[in-house]
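Structure first, commentary second.
Derivation of every value follows stated rules applied to the coordinates shown; laboratory data play no part. Here the structure is a predicted model, which is why all the values come from computation and not from measurement. Cβ coordinates were reconstructed from backbone atoms using ideal geometry, including for glycine residues, and neighbour counts include every protein chain displayed.
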Amino acid sequence: MSNYLDRIGAGFVLANPEGLDFDFMPDELVGRDDIQNQLASKFSTLSHPDGAGRAVITGPVGSGKTVLAGTFCRDIQRHLANKRQIKTVQINCRNASTSMRVVQRILHKLDPGHPDRGLSMGELLISLRKLIRRDSAHLIVVLDEVDHMLRRSGDDLLYQLLRIDEDQSGKGTISLIIISQEQVLDLLETAVLSRMGSTNHIKIPPYTVEGIEKIIQQRAEYSLVTGTYSPKIIRLIAEKAAATGDARRGIELLSAAVERCEYRQDSHSVREILIEDIHEANDSVAFNIGTKLEVVDILSAHQMLVLLAMCRRLKTEATMTMGDVESLYAVVCEEYEQKQKSHTTIWKYVKYLEQEQLIDSKVATVSDGRGRTTHLSMPHHLPADLSSRLELLLPKRLQR
Ligand SMILES: Nc1ncnc2c1ncn2[C@@H]1O[C@H](COP(=O)(O)OP(=O)(O)O)[C@@H](O)[C@H]1O
Ligand SMILES: [Mg+2]
């Protein structure tokens, strides 16, 4: 009798599941050196006993704001270990949306037994300062998704945290990093930006395909069994996620493909993520480009033949070259007893298919540096489905 629970813990493909978690903190950020340097430069005085910094990080969803601040806090503690004791707290203001809740959370993280009931904001802040200075420490407070707090309580707390040393002896008690999606912050408070210092504003752009590719590669290396994924698979996932610029989407697609691959494992199957595993993920994860098969109905007969040739290859391969398209198109023309179109015309058809988002293309420099090759792929459609529709339509289309 087969036991359906055997699969649990088997992990043919997945070795370290935590690496596919959104909250997983990688050892290193990939592809964000420039932004990490910008952030570090706002905290250049931190090695001095009185130094403090501030930064406002804004950018779209999944651009790595939270992980940027998280890794910075972790790394700076290590970096200054012999010079200054740095403590850090990261509060997500979505879960603590009033300034009172935020301060309570900060205190609680520093001193889990701290009584907060019945204390006023002023009293809480005095306690906070005492607590930090008692240990001769410096505290970096990160307020993530700060717009939630700003909306409920305004920006008064920011002001009070920045001024916590005023009228007191000593300075440099607290550094502040606030994070928000750009649109939201602009809308809410330009005053916040001026309060934090407009030169301290770090704007993060959305990820490009290459950016997402690096991130997924890092996660795959960490989480998956060696040999269960290829660079082509990573690239295809990145292409699928790229429209959103959201790294989380890439990780989500990788995770769904891993799940598919694990699911179909038995003693005969290939222990490797296949193109189908990625395309299958389309069904479980909503995608914003319409993936309706009818998109091919408007194509001319020879455009269909070119696309059919491509589908046949892309059923099993992640990418193909123009050379592949031409030779496979020749085979398809023979099959349908058609005279081939010229090289230039085929090229135009491929461009058109790309414009219609049926396929994707990427130019890569060949490793010996002598030439450039176009890699064609089909991130938004399942090649098998498109080809069966084309095979259905073609006989009629050719009769005309
Ligand atoms: N440069 C990067 N290197 C490694 N992982 C990254 C990088 N940028 C983002 N990630 C990962 O992508 C996901 C989304 O990033 P996150 O920081 O949560 O984005 P945001 O806070 O901007 O919405 C997280 O799982 C994060 O660890
Ligand atoms: Mg975030």
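Structural remarks
- Under 24 Å between alpha carbons - lysine pairs in region 30-168 that sit 8 or more apart or on different chains: 10
- Built amide H within the under 5 Å cut-off of ALA55, gap 5+: LEU176, ILE177, ILE178
- For SER169, net neighbour charge (Lys/Arg +1, Asp/Glu -1) across residues whose Cβ lies under 15 Å away: +2
- Long-range amide H partners of GLN90 with built H, under 5 Å: VAL142
- Placing a label point 7 Å from the Cα of GLU166 along the Cα-to-Cβ line, the residues of region 47-74 whose backbone N sits under 18 Å from it are 52-54.
- A full extension of the chain between SER361 and HIS114 corresponds to an added length of 83.1 nm, given 0.36 nm per residue minus the alpha carbon distance.
- Cα centroid of region 148-185 to Cα centroid of region 48-104, whole Å: 12 Å
- Extension gain, LYS87 back to SER230 (0.36 nm per residue minus Cα-Cα distance, nm): 47.4 nm
- Among MET100, MET121, MET378, MET304, a tally of other beta-carbon atoms within 10 Å of each Cβ gives an order, fewest to most, of MET121, MET100, MET304, MET378.
- Short to long, the 20 Å bins of the Cα pair-distance histogram for the chain hold 23, 41, 27, 8, 0 percent of all pairs.
- Converting the Cα gyration tensor eigenvalues of region 207-284 into ellipsoid dimensions via √(5λ) gives semi-axes, longest first, of 21, 13, 9 Å.
- Furthest towards positive pole of dipole, SER230, ILE216, ALA191, structure part region 175-283, Cβ charges: ALA191
- Each peptide in 50-62, 163-175 receives the mean, over its residues, of other Cβ atoms within 10 Å, and ordering these scores from highest gives 50-62, 163-175.
- From phi via Karplus (6.51, -1.76, 1.60), per-residue ³J(HN,Hα) for region 313-326 in Hz, x at Gly/Pro: 6, 6, 5, 10, 10, 6, 9, 8, 9, 4, x, 4, 4, 4
- For the chain, built as a Gaussian network whose Cα springs stay under 10 Å, the top-fluctuating residue of GLY250, GLY19, GLY122: GLY122
- Dipole moment magnitude, nearest 20 debye, region 42-203 about Cα centre, only Lys, Arg, Asp, Glu C-beta charged: 480 debye
- About its Cα centre, the dipole of the chain is roughly 800 debye, where the only charges are +1 on Lys and Arg Cβ and -1 on Asp and Glu Cβ.
- Here's the list of lysines a cross-link from LYS341 could span, going by alpha-carbon distance under 28 Å and ignoring same-chain residues fewer than 8 apart: LYS292, LYS315, LYS351, LYS362, LYS396.
- Rounded to the nearest 20, the size of the Cβ-charge dipole of region 293-399 about its Cα centre is 260 debye, with Lys and Arg at +1 and Asp and Glu at -1.
- Distance cut-off 14 Å, percentage of C-alpha pairs in region 336-400 lying past it: 72 percent
- Computing Rg and the Kirkwood Rh from the Cα coordinates of region 42-203 gives a ratio, Rg/Rh, of 0.94.
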